[in-house]
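Just so you know, all these numbers are worked out from the coordinates, no wet-lab data involved. Model, not experiment: these values are computed from the prediction. Glycine gets a Cβ as well: all are built from the backbone with ideal geometry, and neighbour counts include every protein chain shown.
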Amino acid sequence: MDVKTGAGMVCGADIVSRKDVQAALAVTNKYHFEAFDKDGNLKWEHTVDNIVTNVGLDDLLDKYLKGSAYTAGFFVGLTDGTPTVAAGDTMASHAGWTEVAAYTEATREALTLGTVASQSVDNSASKASFSINADTTVIGGAFLATDNTKSGTTGTLYSVAAFDAADKSLDSGDTLNVTVTCTAASA
């Protein structure tokens, strides 16, 4: 397109479209579990990736890109043995797993994240810590939700992680620490 100006100058512009250029965003969480017996000895540890649920992705888009009301509170909860997680899970409906509430803390543990760097942030300086109060409590994973109520069914279920190996057992007096690493990357 050429535009002639009153001073005799000719300006031109071309629009170039590259169909082979694509951008994608990968949002992931990694959960690291450390279980200690009543004497503080490491019993087991396990690391597993998660699934960010559909409602979690919608919440991310709504709060960040759309700019609607933002709630900063996220809480860590525990799942029972052999959980089957699905992208369509919500706090009100997750047929493949149930929440484990066999710990002394009155609510789900707050997720206290550190400084964001290199497209990643975690709670390693303030791990979610659960004091187990029932014998042979079987754990199969963990989740992040926006409500802190133990066994509650409200709030947004952001993500769920299921162990990729055998379930883990905990005994009364054990402590389970959960570190959550949240990462966003251009894929």
Sorted by chain and number, the residues with a modelled amide H under 5 Å from that of residue 103, at a separation of 5 or more or across chains, are 133
Volume per residue (Å³) of the convex hull spanned by the alpha carbons of the chain is 167 Å³
Proximal lysine pairs in the chain, meaning Cα under 20 Å and 8 or more positions apart or interchain, come to 8
Here region 130-146 yields Karplus 3J(HN,Hα) values (6.51, -1.76, 1.60; θ = phi - 60°; whole Hz; Gly and Pro given as x) of 10, 9, 6, 10, 9, 5, 6, 8, 9, 10, x, x, 8, 8, 10, 9, 8
Residue by residue through region 176-185, the couplings from Karplus 6.51 cos²θ - 1.76 cosθ + 1.60 with θ = phi - 60°, in Hz, x for Gly and Pro, are 10, 9, 10, 9, 10, 10, 9, 10, 10, 9
Counting sequence-distant residues (5 or more places) and residues on other chains, those with an amide H built under 5 Å from that of residue 147 are 75, 156
If the label point sits 7 Å along Cα→Cβ of residue 64, residues of region 145-175 with amide N under 20 Å come out as 145-147, 156-161
By Cβ neighbour count within 10 Å, fewest first, 94, 32 rank 32, 94
Zone reached by a paramagnetic label modelled 7 Å from residue 87 Cα along Cα→Cβ, restricted to region 116-159 with backbone N below 17 Å, covers 157-159
Pseudo-spin-label distance residue 25 to residue 125, built 7 Å along Cα→Cβ, given in nm, is 2.5 nm
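Please arrange 160, 121, 52 by counting, for each residue, the other beta carbons lying within 10 Å of its beta carbon, fewest first.
Numbers: 160 28, 121 16, 52 20.
Least to most surrounded, the residues fall as 121, 52, 160.
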